[in-house]
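Student: Below is a structure I'd like to ask you about.
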Amino acid sequence: MRILEGEKVTIHFGGLAALQNVDFHLNQGEVVGLIGPNGAGKTTLLNLISGFLAPTSGVIKFRGEKISGLKRHQICRRGIARTFQSVKLFSNMTVPMNVLLGSLFGKARDIGRLDPEQEAMEVLKFVGLSEKKDILAKDLTLTDQKRLELARALATMPELLLLDEVMAGLNPAEVIVAIRLIKEISGKGITILMVEHVMRAIMSISDRIIVLHHGEKIAEGAPQEIIRDKKVIESYLGTDVYAKS
Amino acid sequence: MLKVDKINVFYGKVQVLWNVSFSIEEKEIVTLIGSNGAGKTTVLNSISGLLPLTSGTIEFGGSRIDKMPTYRIVELCISHIPEGGLSFPDMTVYENLKLGAYIPRAQKEMQESIERVFQMFPVLRERSKQLVRTLSGGERQMVAIARGLMSRPILCMLDEPSYGLAPLLVGEIFRVIKTLQEQGTTILLVEQNVKHTLEISDRAYLFENGRVVLDGTSEKFLQDDYVRQAYLGL
């Protein structure tokens, strides 16, 4: 079943077409990788799905209903949560408070909560931040801040999770841990769309990959097909061995 | 050229660096590796004068710099390209680059420097009149690196330069760093792309919990079983 569908999605920033007639879809439970050169429009697409931007033309549907044009909090309450490439936390609040905001204002807010603080701690434990409970978000390292964003997004109880470069700044050993974490999230039945440059992660997690370049979709397919695609190699991967790891 | 001697640094009551010592010779590429939270960024911030030392000393070219304000340290031609870029979002790309060359020595060579960084990152030439906030994350990272090179540094410290860059550009960044070294710049590098960083470096220091626990040539690091397992993910 298609959980998310975009049809001819286009957005102009002034004279620049940041995305041009992009068709895409996500099946329920799928993990889809979104890759492309810097400036290709990946984050813009996440901004459109999550309501941070409205398309100039085209439609985005979630579970068959149009969501493009809705406000971001409305979209969050329907079950779409996200992280940000440049971290947007409540920097002067503690780590658990950030998560608590997710659980109280997200999709889960209607459910009678017995112990939201306990739930927040469980999410923190899941992402590996349970020891940081007395720390302000701004005092975390950048990678821990990204992890906290993931926790906050998960606390909203999303059906669709949009991840914007959660692996950036992790070393290879840490990437392996993060891959495991995302597989666990996927194992809970959450559909995932992830923007990522860490090819090792994209290749091992994604069921399917979509490639953007200059605001257009230039390729789509299984990971093994994508890394052999000539256009993708030319515009994105390069021929360097080390760039790909 | 740079000598860090037994520095101790605190954030409030929490000690984050413990008797950290290391040195860099002229025209070397030295890499600091370690997990997130190990103290690598704190080391760079200490060298730049952004954090006070509780004890210990930092010498550059034989003179103490550890009590100098940051702007004076920059005037000594030490450049710091911070993690996550931190470019000025409401200024144009061109203005950001100009700011990178504000020290007198660099001002004279500004036009030439701008041409040089535009050659490294052609997309910045196209975007030179755009506000940085309208750029993508990866393009902002390029602005930050380019700005850091505008001061014509003698010592260039790069904190996660490949952060957020597409694979094609990651390769390009490593080539740029190697070229800088060949042109005579000394490099202190913090980078999570550990394997390829070690391949271009001369020496490395491993940080764990705010302490230096291993040092040696890059070849030694690449062959070390512990490093391979814990940091290279092999």
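Laboratory data are not the source of any read-out in this text; all were calculated from the coordinates shown. Predicted, not measured: the structure shown is a model, and the values here were computed from it. FYI the Cβ positions are ideal-geometry reconstructions off the backbone, even for glycines, and counts take in every protein chain you see.
Student: Rg and Dmax in Å for the protein assembly as shown, alpha carbons only: what are they?
Tutor: Computed over the Cα atoms of the protein assembly as shown, radius of gyration and Dmax are 22.5, 68 Å.
Student: Using alpha carbons only, what's the Rg to Rh ratio of chain B with Rh from Kirkwood?
Tutor: 0.96
Student: Turning to a different aspect of this structure: Give the angle, between 0 and 90 degrees and rounded to the nearest 10, that separates the Cα long axis of helix A:172-187 from the longest principal axis of the Cα atoms of chain A.
Tutor: Roughly 80 degrees between the two axes.
Student: Return a whole-number percent for the relative contact order of chain B, with Cα pairs under 8 Å and 6 or more residues apart as the contact set.
Tutor: Over chain B, the number comes to 27 percent.
Student: With θ taken as phi - 60° and the coefficients 6.51, -1.76 and 1.60, list the Karplus ³J(HN,Hα) couplings across segment B:218-226 in order, rounded to whole Hz; mark glycine and proline as x.
Tutor: Ordered by residue, 3J(HN,Hα) equals 4, 4, 4, 5, 5, 9, 6, 4, 5 Hz.
Student: Please check chain B for the longest run free of GluC sites (Glu not before Pro) that are loop-located per DSSP (anything but H, G, I, E, B) and have at most 13 other Cβ atoms within 10 Å.
Tutor: B:27-234
Student: Separate question: For chain A, take the longest principal axis of its alpha carbons; what is the angle in degrees between that and the long axis of helix A:142-155, to the nearest 10 within 0 to 90?
Tutor: 80 degrees
Student: Mind running the shape call on chain A? Use the C-alpha gyration tensor, a ≥ b ≥ c as the square roots of the eigenvalues: rounded below 1.5 for a/c, prolate if a/b tops b/c, oblate otherwise.
Tutor: Here chain A falls in the oblate category.
Student: Under 5 Å between amide H atoms, partner at least 5 residues away or on a different chain: which partners does B:Glu83 have, H built in plane at 1.01 Å?
Tutor: Under 5 Å from the amide H of B:Glu83: B:Asp159.
Student: Counting other C-beta atoms within 10 Å, and keeping those with at most 14, which DSSP coil trypsin sites (Lys or Arg not before Pro) do you find in segment A:168-245?
Tutor: A:Lys188, A:Arg228
Student: Still on this structure: Counting pairs of alpha carbon atoms under 8 Å apart in space and at least six apart in sequence, what relative contact order in percent does segment B:88-153 give?
Tutor: Once divided by the residue count of segment B:88-153, the mean separation gives 56 percent.
Student: Rank the residues A:Cys76, B:Cys77 as a footprinting-exposure proxy: fewest other Cβ atoms within 10 Å of their Cβ go first.
Tutor: B:Cys77, A:Cys76
Student: May I ask for the net charge around A:Arg208, where only other residues with Cβ less than 9 Å from the Cβ of A:Arg208 are counted and Lys, Arg are +1 while Asp, Glu are -1?
Tutor: Counting the neighbours of A:Arg208, the net charge comes to -3.
Student: Convert 20 °C to kelvin, take the viscosity as 1.002 mPa s, use the Kirkwood radius over C-alpha pairs of segment A:127-245 as Rh, and evaluate the Stokes-Einstein diffusion coefficient in µm²/s, rounded to a whole number.
Tutor: Here the translational diffusion coefficient equals 136 µm²/s.
Student: Working from Cα positions, state the angle (0 to 90°, nearest 10) between the long axis of helix B:137-149 and the longest principal axis of chain B.
Tutor: The helix B:137-149 is inclined about 80 degrees to chain B.
Student: Further question on the same structure: So what's the gap between the Cα centers of segment A:159-221 and segment B:105-157, to the nearest angstrom?
Tutor: Using only Cα atoms, the two centres lie 30 Å from each other.
Student: Identify, among A:Ala155, A:Gly102, A:Ala81, the residue whose Cα sits farthest towards the positive end of the charge dipole of segment A:80-155, taking +1 on the Cβ of Lys and Arg and -1 on the Cβ of Asp and Glu, with the dipole about the Cα centre.
Tutor: A:Ala81
Student: Divide by every residue of the protein assembly as shown the summed helix terms, -39500 (n - 2.57) for each DSSP H run of at least 4, and state the resulting mean residue ellipticity at 222 nm, rounded to the nearest 500 deg cm²/dmol.
Tutor: Rounded to the nearest 500, the figure is -10000 deg cm²/dmol.
Student: Now a separate question. Could you compute the longest span of chain B free of trypsin sites (Lys or Arg not before Pro) located in DSSP loops and having at most 11 other Cβ atoms within 10 Å, not counting the site residues?
Tutor: B:130-234
Student: Where is the GNM fluctuation largest for chain B (alpha-carbon springs, 10 angstrom cutoff): B:Asp66, B:Asp202, B:Asp90?
Tutor: Highest fluctuation among the options: B:Asp90.
Student: Report, by chain and number, residues whose modeled amide H sits under 5 Å from the one on B:Leu17, excluding near sequence neighbours (fewer than 5 apart, same chain).
Tutor: When sequence neighbours closer than 5 places are left aside, the close amide H contacts are B:Val9.
Student: Using the scaling law 2.2 N^0.38 Å as the reference, what is the normalised Cα Rg of segment A:1-121?
Tutor: Ratio of Cα Rg to 2.2 N^0.38 Å: 1.19.
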